[in-house]
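Working notes for the structure below.
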C-alpha cells in the first residue's frame, strides 16, 4: 500500500479493513491544469448528470471555433443569447462570465501561482467567483493540485461513507473534528469514504 493507505490503516482499524478492497488514492495529478478552465467546466457541470453536462460543455466550446477553450475575453464579450444556445442557464452564464472577469483581474491566477498558496488561501481566492463554492475548490485541490490533506466535510458522499464505516451520524462540523486524526492524508480518507458509500467520486467529472 502507498503511504496514505498505510497511515489510514495504522490510525484506524476500520480503514484497515476497507482500504485493501479499493483502488489507492491517485499518486499523479494534472497540477498544471488551468484553474480558469477547470472552474468554467465545474460551473457548467453543476447540478447536471455527467452526460448532459458534457454535452452542454462541448456545445459551449464549439461556439468558439479555432480554439480548444474560449479565452476570458471571449466569454465576457459573448452575448448571453449565444451562450444560451449551448444549453446554459442565465445563472450559469453569469457565473462563467464572472469566472472570466476574475481571471483577468488575477483573482483566479494561473496554476503556477496557486502552487505557492495554502489550501485555505486558494479556497478564499477561487471562491470569490460567482457560482464557485468551497466544495468546488476542494475538488480542484484534491483532483488537480493533488493536495493530500483536504477533507470536504460538506460532501454528502464523504459523510455517508463515514457514517457507514463508523456506524454513527456526523454533522459536517463533527466530521471535520473527527477527521483530524486522518491528517496529513485526509484527501485519501475522503477518497476511500466515497468508495465505502459506493458513490461516484468527483474525479470522474475531471474538475
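Residues in the stretch 98-118 that are assigned to a helix (DSSP H, G or I) and modelled with pLDDT of 95 or more: 98, 99, 100, 101, 102, 103, 104. Of the helices (runs of 4 or more DSSP H) entirely within the stretch 119-207, those holding at least 1 residues that are farther than 26 Å from residue 10 by Cα and under 14 Å from the mean Cα position of the chain (by Cα) occupy 119-126, 134-143.
When the stretch 78-111 is filtered for residues that are in contact (Cβ under 8 Å) with a residue 40 or more places away in the chain, over 18 Å from the mean Cα position of the chain (by Cα) and loosely packed, with under 14 Cβ neighbours inside 10 Å, only 91 remains. Being free of Cβ contacts under 8 Å to residues at least 24 places away in the same chain and either more than 26 Å from residue 151 (Cβ to Cβ) or buried (at least 22 other Cβ atoms within 10 Å of the Cβ) (or both) holds for only one residue in 138, 121, and it is 138. Against the numbered list (1) over 16 Å from the mean Cα position of the chain (by Cα); (2) modelled with pLDDT of 95 or more; (3) under 30 Å from residue 198 (Cβ atoms), residue 52 comes up short only at (2). Summed over the stretch 24-41, residues that are more than 20 Å from residue 110 (Cβ to Cβ) and in contact with a helix residue (DSSP H, G or I) (Cβ under 8 Å, 6 or more places away or on another chain) total 3.
Look at residue 66 and say whether it is loosely packed, with under 15 Cβ neighbours inside 10 Å, assigned by TED's automatic domain parsing to the domain that holds residue 139 and in contact with a helix residue (DSSP H, G or I) (Cβ under 7 Å, 6 or more places away or on another chain). Against the criterion (loosely packed, with under 15 Cβ neighbours inside 10 Å, assigned by TED's automatic domain parsing to the domain that holds residue 139 and in contact with a helix residue (DSSP H, G or I) (Cβ under 7 Å, 6 or more places away or on another chain)), residue 66 does not qualify.
The values are calculated or read from the model by the stated rules, or taken from the named source; none is laboratory data. Everything quoted here is computed from the prediction, not taken from an experiment. Cβ atoms come from the backbone with ideal geometry, glycine included; neighbour counts cover every protein chain shown.
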